[in-house]
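S.K.: Pasting in a structure now, in structure tokens, and then I'll have a few things to ask.
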Amino acid sequence: MEKVVKVISSAVPLANEDIDTDQIIPARFLKATSREGFGDNLFRDWRYNNDNSKKDFVLNDSTYAGSILVAGKNFGCGSSREHAAWALYDYGFRVVVSSFFADIFKGNALNNGLLPVQVSEEYLQGLLAAVKADPSTEVQVDLESQEIEFNGKKATFEVNPYKKVCLINGYDDIDYLVSIKEEITAFEASAITI
Amino acid sequence: MAKTLFDKVWDAHVVKQIEGGIDVLYIDRHLIHEVTSPQAFAELEARGLELFRRDKIVATPDHNIPTENQHLPIKDALSRLQVDKLLENCAKHKVELYGLGHPFQGIVHVIGPELGITLPGRTMVCGDSHTSTHGAFGAIAFGIGTSQVAQVMASQCLLQSRPKTMRITVDGELNKGVSAKDIILYIISQLTAAGGTGYFVEYAGSAIKSLSMEARMTICNMSIEMGARGGMIAPDQTTFDYIKGREFAPKGEAFEKAVAYWETLHTDADATFDLEYNFPAADIEPMITYGTNPGMGIKIKGTIPETLGLASQDSYHKALNYMGFKPGESLLGKEISHVFIGSCTNSRIEDLRVVANYVKGKQRAAHVQAMIVPGSKQVEKQAIAEGLDLILKEAGFELREPGCSACLGMNEDKVPAGAYCVSTSNRNFEGRQGPGARTLLASPLVAAITAVQGKIVDITEFLN
């Protein structure tokens, strides 16, 4: 996993609430057997018509760019498909800011170096308004200090201390789990086996 | 200390706790399918790792398979490649696989319980959010991402923060025409699509206790639709009777020993939950959804609300525009062109029986395309043994072969853009059943009556 420390970028506003992972990457694009290339179909049905012509959608609007996506509450609900996190990352996003994240998406994002930054609804609305008013608004996200800032407005965000260490150093859970196989084997010997 | 059902099962699986309050949680059974496993196998191979406990994994293709002519090679090249990859990976790593045509093949969440793989007190995961289904047995079961699929393959464990606990109690007798699907759609409409996020839910109360195992699975299945990682129901005699004699369930003395343990798996009288809800069964009526998330549900006789809780009006109107509905409107009389009966929520034999029982001697409306997809080869076999296949065919339903089908529109079973589909599946998201498709979630009974009437009706007028 790539390390995540600090992201300074303009942002892309997507105010819709309850954005589910079927919107982020529709099921018909999950037929690949590798992790790469999902960015092309990120928000496929919001970006393109059936004839592949472009729709009026924020990712098609050259006014907005950057590696930070700012989205409405309950982002990433629905399917557990990790392809949603892969698609956002592959497209170029490194941070998603929202006032609420669905559990499985949040876990998948953290396992792929995509940082979910949860802020208050008020802060989120302020950020969305600022980005819409001035698309060049610079947003700073610092994982070390767990702070987000735009136009001098700061907020802190939560991140599990273990996951923070993983993100900053680029560690994966799998490295740790494999390193404690002996303890797992010992647990198996003592566990209830039905 | 008094414990909840969830606490008892979770605590029995904690290998150790690490920094940040994260538990190393041991996983008893891992179900895999073709869509979310190839990248996990690839990751193991890239890291030079072997499967840690291959005998705890069961594989089946379900999401990306056709529901016609399963004995022939899959036509769609990408789908064929993905299914072949599962076969190849399972052969290479010696994983138990129920491929197309195998008598045990089916939707992962249908075959786990019917084969006796799902048992009370177990921890189970799958790269699929509807893994919550298995909680109906008093198991801790939840969906995971592909990185976690690789972690479980490599270590049989996951790093997990302990979720908060919620209990939802439904007491009383169910109204006429109300099924498990209506109960869960009602609960989600009350709690919203995010109301359970961060929680593991226990469903309790006399109305829940009165349900069959298949009905309990329907309830737990949709826990994720309110954001909850999983749902559980305490095992009881109904559970034990269902499990007894199943293919991989404990037999003889081992079964008796297991039951003695399973009987301890209930929430202690003085245990507390982080959050509790109580719903009288009398308040629940046949339900249907009108919007683009499962929290947007109403009584079938009701009207679409003017606003939706704390949801922004922009998001709410966007959802209604997609569906072609207006605030304050009733759905009664709306013409429906498609009916889909299937998915891990409602594709079991009891669901097929409900549909066949209603449509027997009737005909689907001429303009309705009605598809019914059994959840597994075993369900299909049982339906044929009971003659349900003939009843359904005579009523003009297309009976397909097992798979996830039009629930997620990954194969060719799709609903056309703009068309309305009353579906027994679990998600009414935009484009879920095909680009532009408009999904209305409902019970198998509502779906059957809709197929015959060709429009949304007050189903209670059609019941004896």
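The values are calculated or read from the model by the stated rules, or taken from the named source; none is laboratory data. Owing to the predicted nature of the structure, the values given are computational and were not obtained by experimental measurement. As a convention, Cβ positions derive from the backbone with ideal geometry for all residues, glycine included, and neighbour counts pool all protein chains shown. Just so you know, the surface numbers come from the protein's heavy atoms only, side chains and all, with ligands and any DNA or RNA stripped out. Shrake-Rupley method; radii C 1.70, N 1.55, O 1.52, S 1.80 Å.
S.K.: By its C-alpha gyration tensor, with a ≥ b ≥ c as the square roots of the eigenvalues, how is the range B:289-462 shaped: rounded for a/c under 1.5, else prolate for a/b larger than b/c, else oblate?
M.R.: Because a/c hits 1.5 or more and a/b exceeds b/c, the range B:289-462 counts as prolate.
S.K.: Give the average, rounded to an integer, of partner chain Cβ atoms located within 10 angstrom of each Cβ in B:61-68.
M.R.: Neighbouring Cβ atoms belonging to other protein chains average 1 per residue here.
S.K.: Write down the Kirkwood hydrodynamic radius of the protein assembly as shown, to one decimal in angstroms, obtained as one divided by the mean of 1/r over all alpha carbon pairs.
M.R.: Hydrodynamic radius (Kirkwood, Cα pairs) of the protein assembly as shown is 24.9 Å.
S.K.: Follow-up question, since we're still on this one. Between B:Tyr261 and A:Ser34, how many nm apart are label points set 7 Å from Cα along the C-beta direction?
M.R.: 4.4 nm
S.K.: Stretch B:Ile18-B:Leu49 to full length: gain in nm at 0.36 nm per residue minus the Cα-Cα span?
M.R.: Full extension of this stretch gives 8.9 nm more.
S.K.: Here's a follow-up. Under the Kirkwood approximation applied to all pairs of distinct alpha-carbon atoms, what is the hydrodynamic radius of the range B:5-277 in Å?
M.R.: For the range B:5-277, the Kirkwood estimate is 19.3 Å.
S.K.: Here's a follow-up. Of the peptides B:338-346, B:428-436, B:155-163, how do they stack up when ordered by the mean number of other Cβ atoms within 10 Å, highest first?
M.R.: Ranking, from highest mean packing down: B:338-346, B:428-436, B:155-163.
S.K.: Here's something else I'd like to know. If you average the alpha carbon positions of the range B:262-329 and of the range A:119-170, how far apart do those two centres end up, in angstrom?
M.R.: 32 Å
S.K.: So if R0 is 22 Å, what FRET efficiency would B:Glu276 and B:Ser210 give, r being the distance between their Cβ atoms, rounded to the nearest 0.05?
M.R.: Efficiency for this residue pair is about 0.60.
S.K.: Return the distance in nm (one decimal) between the two label points of a simple spin-label model at A:Asp56 and A:Tyr171, each offset 7 Å from Cα along Cα→Cβ.
M.R.: My value for the distance between the label points is 5.0 nm.
S.K.: Along the Cα→Cβ direction, 7 angstrom out, place labels at B:Arg80 and A:Glu2. What is the inter-label distance in nm?
M.R.: 3.6 nm
S.K.: How much area per residue is accessible in the range B:5-277 when the probe is 1.4 Å and only protein heavy atoms are counted (Å²)?
M.R.: Value for the range B:5-277: 32 Å² per residue.
S.K.: Rounded to the nearest percent, how much of the accessible area of chain A (1.4 Å probe, protein heavy atoms only) is carbon and sulfur?
M.R.: 46 percent
S.K.: Now for a different question. Just to be sure I understand: of the beta bridges DSSP finds with both ends in chain B, what percent are antiparallel, rounded to 5?
M.R.: Given both bridge residues lie in chain B, the antiparallel proportion sits at roughly 25 percent.
S.K.: Moving on. For every helix of n ≥ 4 consecutive DSSP H residues, a contribution of -39,500 (n - 2.57) applies; sum these over the protein assembly as shown, divide by its total residues, and give [θ] at 222 nm rounded to the nearest 500 deg cm²/dmol.
M.R.: When only DSSP H runs of four or more count, the value is -9000 deg cm²/dmol.
S.K.: Counting only the backbone N, which residues of the range B:83-98 are under 20 Å from the spot 7 Å out from the Cα of B:Asn69 toward its beta-carbon?
M.R.: Of the residues in the range B:83-98, B:83-84 have backbone N under 20 Å from the label point off B:Asn69.
S.K.: Also, quick follow-up: Which percentage, to the nearest 5, of the DSSP beta bridges contained in the range B:289-462 is antiparallel?
M.R.: DSSP beta bridges in the range B:289-462 are roughly 20 percent antiparallel.
S.K.: Given 4 °C and 1.567 mPa s, how large is the Stokes-Einstein diffusion coefficient of the range B:22-142 in µm²/s, with Rh as the Kirkwood radius over Cα pairs?
M.R.: Stokes-Einstein gives a translational diffusion coefficient of 86 µm²/s.
S.K.: Return the long-range amide H neighbours of B:Ser337 (sequence gap of 5 or more, or a different chain), with a cut-off of under 5 Å between placed amide H atoms.
M.R.: Under 5 Å from the amide H of B:Ser337: B:Tyr420.
S.K.: Give the interface area between chains B and A as buried accessible surface, both sides summed, probe 1.4 Å, in Å² to the nearest 100.
M.R.: Approximately 5200 Å², summed over both chains.
S.K.: Quick one: which residues, 5+ away or cross-chain, put their amide H under 5 Å from the amide H of B:Ile144? H built at 1.01 Å from N.
M.R.: Excluding prolines and chain starts, which carry no amide H, the hits are B:Cys126, B:Gly127, B:Asp128.
S.K.: Still on this structure, please answer the following. What are the residues whose amide H is under 5 Å from the amide H of A:Val117, where those residues sit 5 or more places off or on another chain and H is modelled from the backbone?
M.R.: Under 5 Å from the amide H of A:Val117 lie the amide H atoms of A:Val96, A:Val97, A:Ser98, each far enough along the sequence or on another chain.
S.K.: Another question, if that's okay. From the gyration tensor of the Cα coordinates in chain B, what semi-axes in whole Å does the equivalent ellipsoid have, largest first, with each one equal to sqrt(5λ)?
M.R.: In descending order, the three semi-axes are 33, 27, 22 Å.
S.K.: What whole-number value in Å² describes the accessible area per residue of the range B:289-462 for a 1.4 Å probe?
M.R.: Per residue, the range B:289-462 has 34 Å² of solvent-accessible surface.
S.K.: Heavy atoms only, probe 1.4 Å: what % of the accessible area of the range B:5-277 goes to carbon and sulfur, would you let me know?
M.R.: 50 percent
S.K.: Hey, got the average number of other protein chain Cβ atoms within 10 angstrom for residues in B:31-43?
M.R.: 3
S.K.: If you take every DSSP beta bridge whose two residues both sit in the protein assembly as shown, what share of them, in percent to the nearest 5, is antiparallel?
M.R.: 35 percent
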